[in-house]
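Student: Handing you this structure, nothing more for now.
The values are calculated or read from the model by the stated rules, or taken from the named source; none is laboratory data. The structure displayed is predicted, hence computed values, not measured ones. Cβ placement follows ideal geometry from the backbone for every residue including glycine, while neighbour counts extend to all protein chains displayed.
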Amino acid sequence: MPSPPSSIVIRRPDDWHLHLRDGAMLGAVLPFTARVFGRAIVMPNLVPPVTTAAGARAYRARIEAACPPGSGFRPLMTCYLTDRTDADEVARGFGDGAWVAAKYYPANATTHSESGVSDVRHILSVLARMEKIGMPLLVHGEVTDANVDVFDREAVFLDRVLGPLVRDFPGLKVVFEHATTEDAVAFVRAHAPGVGATLTPHHLMINRNAMFEGGIRPHLYCLPVAKREKHRQALRRAAVSGEACFFLGTDSAPHPRAAKESDCGCAGIFNAPAAIEAYAQVFAEEGALAKLEAFASLNGPAFYGLPANEERIKLAQAETRIPNTVPAPGDTLRPFLAGETLGWRIEA
Ligand code: NCD
Ligand code: ZN
């Protein structure tokens, strides 16, 4: 087998699914993303959530103010859908650039989704309008039915909710966020190019065993939860396939350590400190570094109808050590792969 290249140059990547939080936490985590990514789709699950165009504009201004000088990072804002979302407000905000997409959280499916959609029937008029104006719907694809096993909630969502939805709205652009199963990969392939999916570094690197290795590992708990090894393998094959429907979205979701290491630890993995290095490692392991640029820098913008970034970054085979902790307001953050070493590094 030919040995992999020791460095590659790719267009500057974007992160098509990111949690930046707000206030002091925003200031603590944004530099990690702005260091490498040109743009990011910023999730709207603040408390309270971003439901108005004015709220999205104000949040974007706070992110821009928190950006390290000269980074050139551009946040792309999203609208948080609720049972009461007004189609006109969604369309107005899309038309004047306040936001580029809307996020559908099934109510209580994940962190800060309490105000989400309790039944998809409540947002049918919004979806019809989004289909008409070409505005992407970003989906957290898990049912919340307590009778459904937590590891099956994604597959059941595809059957019960998303399948019927794409039949009823065949022109609606949909991003199935943070896909974690072979079922989701197959669904997305079957419905491409109107449906795409983001894939996270952690779901490409760990399976559900990792959460219980030697004890309970709260920092590897996120939603959708990591699945069996066969699913991780399916996600890896999708990521490195180069297919236009699969693109980079870290779902980096910082929570203070005390909130993770708790009687009821919250969901979310903070992977921003070494996200592109982690993806590079996965692609190198799969012998597919030549496909990294499509996944990280080309497929996402093409799906959203945006130009790819013009700048390039260089990744070289060299060690990146992930810090044990990252400072955060009043606490610390424990990053994904804390204390470990990856084989790829960004070179100036
Ligand atoms: C996210 C968060 O913390 O905001 N958590 C997570 O486990 N991924 C919410 C989400 O994307 O589900
Ligand atoms: Zn998320």
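Student: Tell me which residues, restricted to the range 62-73, are buried (at least 18 other Cβ atoms within 10 Å of the Cβ) and more than 10 Å from residue 27 (Cα to Cα).
Tutor: Once the filter is applied, which keeps residues that are buried (at least 18 other Cβ atoms within 10 Å of the Cβ) and more than 10 Å from residue 27 (Cα to Cα), the range 62-73 yields only 73.
Student: In addition: Is at least one residue of the range 102-113 crowded, with 18+ Cβ neighbours inside 10 Å, basic (Lys, Arg) and under 25 Å from residue 226 (Cβ atoms)?
Tutor: yes
Student: In this structure, is residue 97 in a helix (DSSP H, G or I), more than 16 Å from ligand 2 (Cβ to nearest atom) and of a type outside the set (A, V, I, L, M, F, W, C)?
Tutor: Here the answer is no, as residue 97 does not meet what is asked.
Student: A further question follows. Could we say that residue 264 is assigned to a loop (DSSP other than H, G, I, E, B) and surrounded by 17 or more Cβ atoms within 10 Å (Cβ to Cβ) here?
Tutor: no
Student: Given 225, 166, 174, which one is within 16 Å of ligand 2 (Cβ to nearest atom), free of Cβ contacts under 8 Å to residues at least 40 places away in the same chain and in contact with a helix residue (DSSP H, G or I) (Cβ under 8 Å, 6 or more places away or on another chain)?
Tutor: Only one candidate passes the filter, namely 174.
Student: Please determine whether any residue of the range 77-96 is at pLDDT 95 or above and closer than 21 Å to residue 31 by Cβ.
Tutor: yes
Student: Being farther than 18 Å from residue 37 by Cα and within 16 Å of ligand 1 (Cβ to nearest atom) is true for just one of 334, 321. Which residue is that?
Tutor: 334
Student: If you don't mind, there's one more thing I want to ask. Checking residue 21 against (1) touching a residue at least 60 places away in the same chain (Cβ under 8 Å); (2) charged (D, E, K, R); (3) away from ligand 2 (no atom under 15 Å from the Cβ), which test does it fail?
Tutor: (3)
Student: Within the range 225-253, which residues are of a type in the set (A, V, I, L, M) and within 10 Å of ligand 1 (Cβ to nearest atom)?
Tutor: Those that are of a type in the set (A, V, I, L, M) and within 10 Å of ligand 1 (Cβ to nearest atom): 225, 253.
Student: Something else now. Residue under question is residue 214, and the condition is that it be under 30 Å from residue 91 (Cα atoms), surrounded by fewer than 21 Cβ atoms within 10 Å (Cβ to Cβ) and more than 16 Å from the chain's Cα centre (by Cα); does it hold?
Tutor: Taking the combined requirement at face value, the residue does not satisfy it.
Student: Consider residue 10 carefully, then state whether it is crowded, with 16+ Cβ neighbours inside 10 Å and more than 16 Å from ligand 2 (Cβ to nearest atom).
Tutor: yes
Student: Working only within the range 238-261, note down all residues that are buried (at least 24 other Cβ atoms within 10 Å of the Cβ) and either of a type in the set (Phe, Trp, Tyr) or not in a helix (DSSP H, G or I) (or both).
Tutor: 246, 247, 248, 249, 250, 251, 252, 253, 254, 255 - these are the residues of the range 238-261 that are buried (at least 24 other Cβ atoms within 10 Å of the Cβ) and either of a type in the set (Phe, Trp, Tyr) or not in a helix (DSSP H, G or I) (or both).
Student: Taking the range 303-348 on its own, how many of its residues are assigned to a strand (DSSP E or B), without any contact (Cβ under 8 Å) to a residue 60 or more places away in the chain and surrounded by fewer than 20 Cβ atoms within 10 Å (Cβ to Cβ)?
Tutor: Of the residues in the range 303-348, 4 are assigned to a strand (DSSP E or B), without any contact (Cβ under 8 Å) to a residue 60 or more places away in the chain and surrounded by fewer than 20 Cβ atoms within 10 Å (Cβ to Cβ).
Student: Which one is surrounded by the most Cβ atoms within 10 Å (Cβ to Cβ) among residues in the range 140-170 that are farther than 15 Å from residue 188 by Cβ and aromatic (Phe, Trp, Tyr)?
Tutor: The extreme case among them is 169.
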